[in-house]
Amino acid sequence: MSGRRGADDTDKLEVGQDESGLTLKRLDVWIQDWRLRMRMMSVCVEGSRDSHGGALVNLIRGYADNGDPFVRKFTDQLLEEVSKPFFSILHKWLFSGELNDPFSEFFVAVNPELAHIQYLPQSSPSGQLSADGGFIGLAGDIEDLSSDREGGLKLWEGKYQFQKGMLPLFVGEAFGRKIFSTGKSLNFIRYNCQDSDWVVTRQKLNTGGTLKYSDITGLERSIDAAYQIASRRLFDIFFEKYGLLDHLQALKNYLLLGHGDFIDQLMETLAPSLARPANTLYRHNLTATLEAAIRSSSAQNDPADVLRRLDARMLEYSHGEIGWDVFTLEYKVDAPIDTVLDPDAMVKYLKLFNHLWKIKRVESTLSQGWMRIAGGARTFLRVPDLNYEWHQVRIVMAEMIHFIRQMEAYCQLEVIECSWKILLEFVQKKEGDLDALILAHRQFLDRMVKKVLLLSSKSGREENILNQVREVFAIILQFREATDDFYNYSLSESARRDMERDEARGVFTGVQRGPQHPPGYLPDILGRIRDYSSTFSEKAQTIVYALQSHSDLDCRFLGIRLSFSDFYKTKRDQAHAKAT
């Protein structure tokens, strides 16, 4: 009976299978896909316990690299849903510059130390011109340009941070950097630049399309378009609204001595004051002299906003220093220009000014000395027994003039002008973002600092060459003082001999005799001149040979020009021949 019952049950099951089509095996086949989905969901959940945001998206996307089409399709569907919060945050950041990320899931994070800071730029200063075209109030309210708020560069570089570990792989680092830059640019335009066309810019960015995982190509197009629009708008604001190029030109004209007539006028009027001890100088006197130099030179045609930012001040000085050692020009900038012209950049400008000012001082001193000696030799320095000494003085002074003018031409023409041309080419292209502009300006400054100050990649070598150059400057100034003493002696000696000749002819002019020089006065002067001449020649030779092995090609060419036809090599060979 039992066997029969089993056969009947089998028949009934086959009949049921034919009628309903439902079997355990078929049921197992039907739920296999869902079971696989649940298993994959379980694996994703287990693996993502410590992951969130972009890291979670990357973890899930790792399962898409599978040869099974079903697994790939399910993973893509899962990513479409999981990435929706990411794209929602991305949309606000990319098109509005707002970071709405309460759970820290985005690859852009805000620095908690700077999150509360939103600063606005100070109003652009305006100057007035007097009736005669002179500028009024150069130093007035100039201190208001300095700000106690956070610097623009610190906010631009530090307020938002790029977290590479949270960046989804389907975006890629290159596009991630563009997204990061676009959002920063929009945020900077909105809050730091007070752009009145902010709404128009946002409308250009947001064309109404949606960002989603299934349209990666559209996402890349949207990122590229938003990056270009935001970067171009930020460039326009900096160069058109805030006149960044005018400020860069002003720094080149004033701190890099590009305004030749202004610098000559300023140095000529300041020379008597700067020759006094530093503790006897007053800033208001320096400022008044600066205003006078502007009025009497082509600098008066510069924009009023530029002239208001220019100031004269003294550096911290120690006992025994004179005005030449501590005087400097200063150019003050405010937000948002200080994002590019940051404090570190302004320090480099001051270093360059300090060195170029020394070169200009020595060049001016030599030119004045040469004109004085050349003119005096043809008029009243008629002391025949001193002709040889004056001939030697003129030879050495010509050598010094060649040295300083080659140095000045190298700094101004080959370094500053060439570097300026490279920077202008970048500005005219308007490519890249604000970071690219900051980098281009830093490279412009670093190139000038390296070449003007003769810096070398070899450790310690740059300080050695620069110190030797400054020692040469000091020797030239000392030589000029000695030649002035020699000039005064020759003048008094010429007058004394003229008076003796007049008395011999019975002519009495009534002019009193000058003070009698003590014995050994002339040999002492001539000894100083010879010492300074030989020391200059030795230092110049050392500098020339140091530059010949310099790591920078332009510096090596400077060494060739300073040597002019191997002059110093010939002198060295002659000195060695005499010694042997």
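The values are calculated or read from the model by the stated rules, or taken from the named source; none is laboratory data. Here the structure is a predicted model, which is why all the values come from computation and not from measurement. Here the Cβ is made from the backbone with ideal geometry for all residues, glycine too, and neighbour counts use every protein chain on show.
Observations
- Restricting segment 179-217 to residues that are basic (Lys, Arg) and modelled with pLDDT of 70 or more, the residue that is farthest from Leu437 (Cα to Cα): Lys212
- Exclusive hit being surrounded by 15 or more Cβ atoms within 10 Å (Cβ to Cβ), at pLDDT 80 or above and touching a Gly at 6+ places or on another chain (Cβ under 7 Å), set Ser492, Ser563, Ser533: Ser492
- Across segment 98-126, the number of residues qualifying as touching a Phe, Trp or Tyr at 6+ places or on another chain (Cβ under 9 Å) and modelled with pLDDT of 85 or more comes to 9.
- Residues of segment 410-462 classified as at positive phi and in contact with a Cys (Cβ under 9 Å, 6 or more places away or on another chain), total: 1
- One residue stands out among those in segment 130-178 that are in a loop (DSSP other than H, G, I, E, B), charged (D, E, K, R) and within 30 Å of Phe103 (Cα to Cα): the one that is modelled with the lowest pLDDT, which is Arg149.
- Counting the residues of segment 273-296 that are surrounded by 15 or more Cβ atoms within 10 Å (Cβ to Cβ) and assigned to a loop (DSSP other than H, G, I, E, B) gives 2.
- Some residue of segment 441-450 being assigned to a helix (DSSP H, G or I), in contact with a Phe, Trp or Tyr (Cβ under 6 Å, 6 or more places away or on another chain) and in the same structural domain as Leu562 (by TED's automatic domain parsing): no
- Residues of segment 297-326 satisfying the condition of being of a type in the set (Gly, Ala, Ser) and either assigned to a helix (DSSP H, G or I) or over 23 Å from the mean Cα position of the chain (by Cα) (or both): Ser297, Ser298, Ala299, Ala304, Ser318, Gly320, Gly323
- Within segment 423-454, tally of residues that are closer than 26 Å to His550 by Cα and either surrounded by fewer than 14 Cβ atoms within 10 Å (Cβ to Cβ) or of a type in the set (S, T, N, Q) (or both): 2
- Test: Glu389 is part of a helix (DSSP H, G or I) and among the acidic types (Asp, Glu): yes
- Filter result for Ala299 (crowded, with 17+ Cβ neighbours inside 10 Å and in contact (Cβ under 8 Å) with a residue 12 or more places away in the chain): yes
- Residue check for Glu268: under 18 Å from Glu363 (Cβ atoms), exposed (fewer than 15 other Cβ atoms within 10 Å of the Cβ) and out of contact with any strand residue (DSSP E or B) (no Cβ under 8 Å at 6 or more places or on another chain): yes
- The listed residues are Glu98, Glu80, Glu113, Glu105, and the only one of them that is in contact with a Ser or Thr (Cβ under 7 Å, 6 or more places away or on another chain) and charged (D, E, K, R) turns out to be Glu80.
- Single residue of Leu350, Leu270, Leu329, Leu356 found to be assigned to a helix (DSSP H, G or I), of a type in the set (A, V, I, L, M, F, W, C) and not assigned by TED's automatic domain parsing to the domain that holds His402: Leu270
- Tallying residues that are over 37 Å from the mean Cα position of the chain (by Cα) and within 24 Å of Thr269 (Cα to Cα) within segment 377-415 yields 0.
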